[in-house]
1. Go through segment 125-131 residue by residue and turn each phi into a ³J(HN,Hα) via Karplus (6.51, -1.76, 1.60, θ = phi - 60°); whole Hz please, and just put x for glycine and proline.
2. I want to make sure I understand the PRE zone here: with the label point 7 angstrom from the Cα of ARG193 toward its beta carbon, which residues in segment 157-174 have backbone N atoms less than 13 Å away?
3. Along segment 201-210, what does the Karplus equation 6.51 cos²θ - 1.76 cosθ + 1.60 (θ = phi - 60°) give for ³J(HN,Hα), rounded to whole Hz, x for Gly and Pro?
4. Going down the list LYS213/LYS283; LYS284/LYS422; LYS283/LYS336, which pairs span over 30 Å between their C-alpha atoms?
5. Students often check this: by mean Cβ neighbours within 10 Å, which of 280-289, 385-394, 166-175 ranks highest, and how do the rest follow?
6. For GLU275 and LYS312, calculate 0.36 nm times their separation in residues minus their Cα-Cα distance, and state this gained length in nm to one decimal.
7. Starting with the highest mean, order 307-316, 102-111, 76-85, 321-330 by the number of other Cβ atoms within 10 Å, averaged over the residues of each peptide.
8. May I ask you to evaluate 6.51 cos²θ - 1.76 cosθ + 1.60, the Karplus curve with θ = phi - 60°, for each residue of segment 365-378 and list the ³J(HN,Hα) values in order in whole Hz, giving x for glycine and proline?
Amino acid sequence: MDVPPYCKHFKVHGCHLNSFACKCVVLAFIALILRAVLLPTFHSFGGAEQSKLVFISNLSLSLGHKFGIRKDKFLEVPQIVWGLNNQKIAFARACLTAKFLNRTLLMPSLSASLFYKEVELLEPISFDKVFQFKKFNSLCNGFVQLGEFSDLRNQTGAFELQKGSGRRWTPERDLDQLKQHNEDPYNEFDVIRIIGKNPFLWHDHWPVKDYAKVFECLVLVDEIMNEADKVVSRIRDIGATQVRSQNESPQNGINPAEKPFLQPVPYVAVHMRIEIDWMIHCKKLEQRSNITQICSSKEEIMERVGNIAGLKTPVVVYLAVADSLLHDPSILSGWKEGLIPYEKKKLGLEGTYKKFPYLIQSAIDYEVCLRADVFVGNSFSTFSNLIVLDRTQKLIRMGVTSSCGVDVRWPSYAYNILGEAKGPQRWMTNMSGSSLQAISYGSNDILCCVDP
């Protein structure tokens, strides 16, 4: 008599089962599953011990999640590398892959340094040195789950899953591989360890809204947040001084002491991509894609920021620029009257940044740009794209679903695309996207009116 396929796994482990015995084992297994699902409901009034299942409220990744995210089965991924926002995307992709496999993601190692080819020079840094581990699980409870290696009961029970590569490894084949490893016998392994390329290079199967949910759960540790607070406070203090100076002018005749600031003085943040390596990259990208609205010169950025409709001046413009541009005084000159440019060197905070590795410096700058009253970036930059995605989420929570014809608080703009009045194009993230590919690799599809 043939042995059913699901019995072969037991036979390999020394359980020589005939068909009848196998059916008994399967029935017992089903009973255990039903017990795990039903008992938490019946015992909720009696203080039963914590279930090993976290129930899912979002079903956009419902395949394999009939009973919730398992806290006793794990996914392990390679070290996450490259820039801050590439690492955030890679981390979210790993989380969503773990969700698809109905597993808890083991806390991955990030990279503090930035090397694209010299992998041996990468400086690993623990996830919880950058982002708050407990806060992440609290905010993402029921959606994705992050675990620690100390949670493992069986250090040897890992199955190694080799990710495919090359042109023949299509998104369809990749998804089929994940579906296959979401079933027996792979479900028996405590850990599935994915080996090969880092998660940023994996095929993308998840919608923008799922990525946005993971990003919302990423909260920087207090040390980094405190450094960002210092930068923002310094920018606003300078802005307040400039406004007071204007108010003290003879034509106003106002004593600033008689009119204290009841709210923080606003500022503009510009993610200024004009460094040499970026310009080389974007010029090649323009040639390959036959698009001209990717690169922007320093002069074009200055002109378009100066033409933002309704921008009240004087206002401090914080320039988030590469370190190579900090010693280029030309980026601070040529701005329209009333726009007062500062970067971290002029703020007197270059030394503060230098205390930290590249990843932390980027995280501070990201937070400063995220909090800006007005943000202007490049729509082909991952850094700019993720900031706008976060800001779009904030607007949606306030009930704002479009940036057209409305005096939107915290507006964002793309300076590489010409908008109204020769200014930059208004920018909100299209939250209905089926994948994050446009955000990962840049997009010229910047719409004024976007339904979330």
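Read the figures in this text as sums done on the coordinates, not as results from a lab. As the structure is a prediction and not an experimental result, all values here were calculated from the model. Positions of Cβ are generated from backbone atoms using ideal geometry, with glycine treated the same way; all protein chains shown enter the neighbour counts.
1. Karplus-based 3J(HN,Hα) across segment 125-131 equals 9, 5, 3, 7, 8, 10, 10 Hz.
2. Residues 157-162 fall inside that zone.
3. 8, 5, 5, 9, 10, 10, x, 4, 4, 5
4. Too far apart for the 30 Å limit: LYS213/LYS283.
5. 385-394, 280-289, 166-175
6. That pair, GLU275 and LYS312, stretches by 10.4 nm at full extension.
7. With the highest mean Cβ count within 10 Å placed first, the list reads 102-111, 76-85, 307-316, 321-330.
8. Using θ = phi - 60°, the values come out as 4, 4, 5, 5, 5, 4, 7, 4, 5, 9, 10, 10, x, 9 Hz.
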